[in-house]
1. Any residue at all in region 24-36 that's touching a strand residue (DSSP E or B) at 6+ places or on another chain (Cβ under 8 Å), in a loop (DSSP other than H, G, I, E, B) and either at pLDDT below 85 or farther than 30 Å from T544 by Cα (or both)?
2. Can we say S461 is open to solvent by 30 Å² or more (accessible area, probe 1.4 Å), under 17 Å from H354 (Cβ atoms), out of contact with any Phe, Trp or Tyr (no Cβ under 9 Å at 6 or more places or on another chain) and outside any loop (DSSP other than H, G, I, E, B)?
3. Could you say which residue among A278, A313 is assigned to a loop (DSSP other than H, G, I, E, B) and not basic (K, R)?
4. Modelled with pLDDT of 95 or more and surrounded by fewer than 24 Cβ atoms within 10 Å (Cβ to Cβ): which single residue out of A93, A106 fits that description?
5. Taking only pairs six or more apart or across chains, which ones have beta-carbon atoms under 9 Å, a first residue in region 32-51 that is under 17 Å from I21 (Cα atoms) and without any contact (Cβ under 8 Å) to a residue 24 or more places away in the chain, and a second residue that is open to solvent by 60 Å² or more (accessible area, probe 1.4 Å) and assigned to a loop (DSSP other than H, G, I, E, B)?
6. Report yes if T414 is open to solvent by 10 Å² or more (accessible area, probe 1.4 Å) and in contact (Cβ under 8 Å) with a residue 40 or more places away in the chain, otherwise no.
7. Here is a list of conditions, (1) out of contact with any Ser or Thr (no Cβ under 7 Å at 6 or more places or on another chain); (2) among the charged types (D, E, K, R); (3) over 30 Å from V102 (Cα atoms), and E221 meets all of them except one; can you say which number that is?
8. Filter region 330-369 down to the residues that are in contact with a helix residue (DSSP H, G or I) (Cβ under 9 Å, 6 or more places away or on another chain) and acidic (D, E) and list them by number.
Amino acid sequence: MRIYVAQSGETLLTLAKKYNIEPTELITLNPHIAITDSSIGGQSVYLPSHSATPTPSLSDTDMDAYQEIPYCPPSGLQPLHEWIPLTPLDQMAQTEYDVLIVGSGAGGGAVLWRLCEKWKDSGLKIGVVEAGGLVLPSHVNGIPTLGSIRKERYIAGHKLPYPAIENPVAFPMVKQVLALGGKTIFWGLVSPRFPPSAFAFWPVSYEEMNPYYNLAEQMMEVSSDFYDDSTAQQLLFKRLQENGFPNVIPYPYAVYTKSSKYGKVFSNPFFSSMTFFAYALNLRSFDVAINARCVRIHADKNIVTGVTVMDPALRAYHIKAKKVVLAASTLENPRLLLYSGIPGRAIGHYLTDHSFIVAAGKVSRKEFTEIPGIVGLLTPASEREPFQIQMSGGNAGTISYQQYENIPVQEDLTMSILGFGEVEPRYENKVVLDPAREDRYGVPFIKIDFSYSERDLAVISRMAATLKRFAAAAGVALQSEPGKSKICAVRPGGSIHEAGTCRMGNDPSTSVTNRFGQVHGISGLYVADNSIFPTVSGTNPVLTIVALAIRTADYIAWQQNNE
């Protein structure tokens, strides 16, 4: 209890407001004051002990000082309505680019970042055209509202059947993603290197690729740290090593796993091509147009001069460029080259892919600690075994969204086991134009001829037998639905790893580009995605796409410096 002597003109009500006291409480403490709104100057007033110190009133001097403090000026910032700055096609048509990149997936994004790094202090102009729109600003795993089931449904809504194939039976499962970032906004993040033996038929050696692999792993934050502290991972790894798979390794995973520090918040841990765009934006300016379908490449006297692109309203724009880099996909690159009349016997040929088998299994949860964690293990492809077996799972079979989803405890851990097998690159496996049909932009459909060779079928058979041994060695019981096999083969195109239609090599009769990705016989025209792979090994391709694309960008920058 405190005693306060009221000043002239004060009332119980003004004191209640002044000291932030409920009026009824103040009236109860002061029954000797009958009228609450009459002046009580000079009278003693009881205040509760919890009453606040009154806020002093402003004096004339304080008011004058306050009025002399100016208001902060407006920021003057222009409003931004997209999460990445975009350039209208009519504006790009008024610019001549030193390099124009067609496509924004792993290859296109890597070329963009590397050129922006090399040319950050130059006035050279870089542009990107992407046939798709703004679908996601990051990898799908980084979207908090897309839980495990909603994520798969969302991917299914955007990873769509390739629309312009005349005979899909030969390659029925191939998918297309039309979006800034391409397939990398949905990919599986597993990032092993191709084995040294894979480069036996490449014009590039593993030793030459090694520093570019190092750089790609650094930019993509590839490590196995994601699986640290998982008892399920540790136990199954040990079982496999001791039971016939000594070469098993944890997934090399493209996820940033370190703690935030120095005030940096790592809100985008999963790698996608958006990572390259973010780095590039902070190095220098460049132009990006979306919903811009490239329909033709232009060359004059075997020197590239630019491209024609069309918007969804079918308006055509000619964009001038001194160098053009195609990173539009294994099917779109040869389609563009062939329709544009670019010469080359090998264009569209040597289409290859991974043969692809899948299985599911379970392992008892009782074999692990209370929190078993997650699993990501693989046996790398090799010259003797040209296929990769990989296993993932744990918890409820998902690796993300634990922060948001309520996942019930299960008696068994579900494991997904996959096999990727090398497919021979053969001339007769090809992509050709179908002049009888064309899409809405006037570009002919394609026909695909594809089949497995006897060697490919033998690889699939050996891969299936190894998958069974792999599961048994790990103590995983393979499961199947009634009437279905425990292991099934996915139809061609299902791995989403198609490659080879613009393969690199030294001989123009059997390859489309040279060892740096430049198209034979056409100065200034390059290819920078997995369509230039001479072989696919049995290995996930994204890390190698990025490494090769960075190498091609370095070559372009070197040429620029020596012109």
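The values are calculated or read from the model by the stated rules, or taken from the named source; none is laboratory data. Being a predicted model, the structure only gives us computed values, none of them experimental. Cβ sites come from the backbone with ideal geometry, for glycine too, and all protein chains shown count toward neighbours. Areas reflect the complete protein model, heavy atoms only, side chains present, ligands, DNA and RNA absent. Shrake-Rupley method; radii C 1.70, N 1.55, O 1.52, S 1.80 Å.
1. Residues of region 24-36 touching a strand residue (DSSP E or B) at 6+ places or on another chain (Cβ under 8 Å): 26, 29-30, 33.
Now drop any that are not in a loop (DSSP other than H, G, I, E, B), which leaves 30, 33.
Next, from what is left, pick out any that are either at pLDDT below 85 or farther than 30 Å from T544 by Cα (or both): 30, 33.
For region 24-36, residues touching a strand residue (DSSP E or B) at 6+ places or on another chain (Cβ under 8 Å), in a loop (DSSP other than H, G, I, E, B) and either at pLDDT below 85 or farther than 30 Å from T544 by Cα (or both): present.
2. Numbers: open to solvent by 30 Å² or more (accessible area, probe 1.4 Å): yes; under 17 Å from H354 (Cβ atoms): yes; out of contact with any Phe, Trp or Tyr (no Cβ under 9 Å at 6 or more places or on another chain): yes; outside any loop (DSSP other than H, G, I, E, B): yes.
Yes: the conditions hold for S461.
3. Working: A278 fails: assigned to a loop (DSSP other than H, G, I, E, B).
Just one listed residue meets the conditions, A313.
4. Working: A106 fails: surrounded by fewer than 24 Cβ atoms within 10 Å (Cβ to Cβ).
Of A93, A106, the one residue that is modelled with pLDDT of 95 or more and surrounded by fewer than 24 Cβ atoms within 10 Å (Cβ to Cβ) is A93.
5. Here the result reads I33/Q43, each pair linking region 32-51 to a residue that is open to solvent by 60 Å² or more (accessible area, probe 1.4 Å) and assigned to a loop (DSSP other than H, G, I, E, B).
6. On the way: open to solvent by 10 Å² or more (accessible area, probe 1.4 Å): yes; in contact (Cβ under 8 Å) with a residue 40 or more places away in the chain: yes.
Yes.
7. The one condition E221 does not meet is (3).
8. If the condition is that a residue be in contact with a helix residue (DSSP H, G or I) (Cβ under 9 Å, 6 or more places away or on another chain) and acidic (D, E), then E332, E367 are the ones that fit.
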